[in-house]
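The block underneath contains the structure these notes are about, expressed in structure tokens.
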Amino acid sequence: KSLVAAVAANENLKLDKYIASNAETFALAINYMGGLEYNVANRIEYRNDDYTLILTGGKQTIKGETLIKYFRYCKTLDGTGLKTQGDLICAMLDNYINSENIDNGMDIYRKLLSKLETASNISYVEAANAMPVLEQLCKSENRKPSTVVLNS
């Protein structure tokens, strides 16, 4: 809750809902969803005292632990790193909000928020009420891929 308040104050916006996790539960959630299908632009071979990240270029499925390392690696880059982090989040939205996941939405919600010990202020009822909206999004012929908008 304190992070939500700090982001809201710093960015001058109101955040009504959130889902939070630590690195371990984030990785478990990504793995639960089958990893993230993503097209890595170029081969990455990065090492520091905390972690090693090696990704081949091209389309692949990135598992949770590697995805966390990729996010961290992006922080080491100049202006392109933030864009890549945004692209990863967009890929997550585009990959995970689909008809199959909507059909299993409440089971996914329960597992991600209770069994994986993530924190959220989204109630079960609110999540259930959102499923029809997400279902319409998935069925829409006007749905467009998620995009990154960076404010300077």
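Within 10 Å of each candidate Cβ there may be at most 10 other Cβ atoms; applying that plus a DSSP loop requirement, which GluC sites (Glu not before Pro) in the range 76-152 survive?
On the way: sites: Glu100, Glu117, Glu126, Glu135, Glu141; in loops: Glu117, Glu141.
Passing both the DSSP loop test and the Cβ count: Glu141.
For the range 46-152, the relative contact order works out to 27 percent when only alpha carbon pairs closer than 8 Å and six or more residues apart are counted.
How many percent of all Cα-Cα pairs in the chain sit more than 18 Å apart? Cα-Cα pairs in the chain separated by more than 18 Å: 66 percent. Using heavy atoms of the protein chains and a probe of 1.4 Å, the accessible area assigned to Tyr18 is about 40 Å².
Relative to 2.2 N^0.38 Å, what does the C-alpha radius of gyration of the range 28-71 come to as a ratio? Two decimals please.
Values: Rg = 10.6 Å, N = 44, 2.2 N^0.38 = 9.3 Å.
Its radius of gyration relative to the 2.2 N^0.38 Å reference: 1.14.
Structural descriptor for the range 1-100: relative contact order 23 percent, calculated from alpha carbon pairs under 8 angstrom and at least 6 residues apart.
Summed over the residues of the range 14-152 and divided among them, the accessible surface reaches 65 Å² per residue at a probe radius of 1.4 Å.
Beyond 26 Å between alpha-carbons counts as too far, so tell me which of Lys59/Lys144; Lys83/Lys144; Lys83/Lys139; Lys59/Lys111; Lys63/Lys83 fall in that bin.
Details: Lys59/Lys144 20 Å; Lys83/Lys144 18 Å; Lys83/Lys139 28 Å; Lys59/Lys111 28 Å; Lys63/Lys83 20 Å.
As for pairs spanning more than 26 Å Cα to Cα, those are Lys83/Lys139; Lys59/Lys111.
Phi-derived couplings, Karplus 6.51 cos²θ - 1.76 cosθ + 1.60 at θ = phi - 60°, listed residue by residue for the range 57-71: x, x, 6, 7, 9, 9, 7, x, 4, 5, 5, 4, 4, 5, 4 Hz, with x used for Gly and Pro.
Quick one: with all protein chains in place, what share of the accessible area of the range 59-132 is carbon or sulfur, to the nearest percent (1.4 Å probe)? List each step's numbers first, then the result.
Numbers: 2330 of 4200 Å².
Exposed carbon and sulfur together represent 55 percent of the surface.
The values are calculated or read from the model by the stated rules, or taken from the named source; none is laboratory data. Keep in mind that this is a model prediction, so the values were computed, not measured. As a convention, Cβ positions derive from the backbone with ideal geometry for all residues, glycine included, and neighbour counts pool all protein chains shown. For accessibility, only protein heavy atoms count, side chains too; no ligands or nucleic acids. Shrake-Rupley method; radii C 1.70, N 1.55, O 1.52, S 1.80 Å.
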